[in-house]
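Reading through the structure tokens given below for one structure.
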Amino acid sequence: MNNFRLSFIATLLIAIVFQACSGGDPNIESAKLNIRNKDYSAAIASADRAIANNPSNHEAYIWKARALSSRASNNTDVDARRSDYTAMNEALGKAQEVIDASTDPKMMLFNLQIDEVRENAWRLEHATSVNYVSKDTISEGEFARSIAHMKNAIAVYPDSVLSSRALAEIYFLSGDLSNAANQMKATIENPNANPQAEDYVRLMQFQREAKQTEELLATMELAVSKFPGNKDVKVEVANTYLSQANYDKAAETMSELVGFEPENAEYRYIYSTLLFEAINSEISKLNDNYTLAFDLRSEYRETARKATNAANTKRLAEIDKELVSLGQSNTEIGAEIDALGNVVIEQLTKATELQPAEAKYFNLLGSIYDVKANVIFNQGNEQADLAQADKLQEQAREIWRLALPYMEKATELTPDNRDAWATLSRVYIRLGMTEKAQEAMKKAEQ
């Protein structure tokens, strides 16, 4: 009996010592062991038993969080990890509550463990996501995995501005424009974000690409109110107006920038580049009209060959009317291109004076002359009156002669620019300068 009593007491003392070493609950040691053995579900169950025994056991919450984080990181279903990360944050939140309520200063050391658990999980997911898209060629599957990992990083740190912004960029790279815009908007609205002008600029770019017109206008107003003198914001405002074919507003915005710093050649170049986009849009309309006019003339000839009757006569009259309408439309478009082109020429001429060694200014200046000349030359091609056609095409050649010195200067400043040489060669051909055209084309092909 005495031996039995001694044995019982010894066993009880061992249990008491074990509990004291493990923070009062052997379930925590069980959780640790199960984590080492990679049985994370068992570790979570052990931690839950420790919490049930003592809801104020901060260590139990931390070890539960460790087990949840480990189970998540070992789950091959990347999307399914999020639920464990959410539960991990809940456990860490409970641990934090216990620590904050304690008056023992030593308890604050456990904050380091909380940070460690969360940081390790976040770093794994964020870095893995970035690795998938840090290369030249990315497959759809890699984009999907990158997005899933970055969502996990945000699940670990819901207030992470870095991960939220990165997710928006990954969406954009993958071609998911709507989610890119929505994610960037969420980033800016994050209470921890302190968004800068470049954040609003990026959001405007995403919203414009995603054709979120109403949201874009709201962002634009907010960006202008927060950063009224910011150059990049002004440029995006101009881009927004251009995307809506509101050329007057675009020009007005960029004029403000030029007005702020009239000696800034780059502002003038940006202004000209934006106007050039507007010009290209008008040229697309012209080309569509020329194609339609060609088809109508072909139809007219076919109809005219047929027997004369009321239906055919009516159709010929309709085609005549449509061709007249197209001609009027082309005249208006040509006038718009001419007006916009003159502004570009004015701005770029000044830019080349301010920075005479900057090739891109000369290149774009030559290009706008080339565009103006092509518009007039094509108008000549549309003329039935041969004398008028010759007159228009001679006007075009005069404009190409104006383009030459700028194009030649661009190739002089950047002799390795093949595109510049090819453009110059085409202008030489237009002007009948065959030998020079061949020389330029050789350099374009080198």
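The values are calculated or read from the model by the stated rules, or taken from the named source; none is laboratory data. Since the structure is predicted, the reported quantities are computational estimates derived from the model, not experimental observations. When we count neighbours, we look across all protein chains shown, and the Cβ atoms used for this are built from the backbone with ideal geometry, even at glycine.
The single condition from (1) within 30 Å of Ala80 (Cβ to Cβ); (2) of a type outside the set (Ser, Thr, Tyr); (3) modelled with pLDDT of 95 or more that Asn192 fails is (3).
Taking the criterion of being within 26 Å of Thr128 (Cβ to Cβ) and not hydroxyl-bearing (Ser, Thr, Tyr), the residues of region 79-94 that qualify are Asp79, Ala80, Arg81, Arg82, Asp84, Ala87, Met88, Asn89, Glu90, Ala91, Leu92, Gly93. Being more than 22 Å from Glu282 (Cβ to Cβ), surrounded by 17 or more Cβ atoms within 10 Å (Cβ to Cβ) and modelled with pLDDT under 95 holds for only one residue in Ala420, Ala387, and it is Ala420.
Here's the yes/no breakdown for (1) farther than 14 Å from Ala95 by Cα; (2) surrounded by 14 or more Cβ atoms within 10 Å (Cβ to Cβ); (3) touching a residue at least 60 places away in the same chain (Cβ under 8 Å):
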| residue | (1), (2), (3) |
| --- | --- |
| Asp39 | yes, yes, no |
| Ala42 | yes, yes, no |
| Asn54 | no, yes, no |
| Asp79 | yes, yes, yes |
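Restricting region 258-269 to residues that are part of a helix (DSSP H, G or I) and at pLDDT 85 or above, the residue that is surrounded by the fewest Cβ atoms within 10 Å (Cβ to Cβ) is Gly259.
Being modelled with pLDDT of 95 or more and over 21 Å from Ser30 (Cα atoms) narrows it down to one residue among Ala101, Ala80; which is it?
Among Ala101, Ala80, only Ala80 is modelled with pLDDT of 95 or more and over 21 Å from Ser30 (Cα atoms).
Restrict the check to region 191-200 and report whether at least one residue is among the hydroxyl-bearing types (Ser, Thr, Tyr) and closer than 28 Å to Leu348 by Cα. No, region 191-200 contains no residue that is among the hydroxyl-bearing types (Ser, Thr, Tyr) and closer than 28 Å to Leu348 by Cα. Please work out if Leu203 is under 21 Å from the mean Cα position of the chain (by Cα), more than 23 Å from Leu348 (Cβ to Cβ) and surrounded by fewer than 16 Cβ atoms within 10 Å (Cβ to Cβ). So Leu203 fails the test.
Residues Tyr171, Tyr157: which one is closer than 30 Å to Arg118 by Cα, of a type in the set (Phe, Trp, Tyr) and over 17 Å from the mean Cα position of the chain (by Cα)? Only one candidate qualifies: Tyr157. Determine whether Ile14 is modelled with pLDDT under 95 and assigned to a helix (DSSP H, G or I). Considered against the rule, which asks whether it is modelled with pLDDT under 95 and assigned to a helix (DSSP H, G or I), Ile14 comes out as yes. The residue that is nearest to Phe362 (Cα to Cα), counting only those in region 231-268 that are in contact with a Lys or Arg (Cβ under 7 Å, 6 or more places away or on another chain) and among the hydroxyl-bearing types (Ser, Thr, Tyr), is Thr253.
Within 41 Å of the chain's Cα centre (by Cα) and either surrounded by fewer than 17 Cβ atoms within 10 Å (Cβ to Cβ) or in contact (Cβ under 8 Å) with a residue 24 or more places away in the chain (or both): does that describe Leu431? Quick ask: steps written out before the conclusion?
On the way: within 41 Å of the chain's Cα centre (by Cα): no; either surrounded by fewer than 17 Cβ atoms within 10 Å (Cβ to Cβ) or in contact (Cβ under 8 Å) with a residue 24 or more places away in the chain (or both): yes.
Answer is no for this residue.
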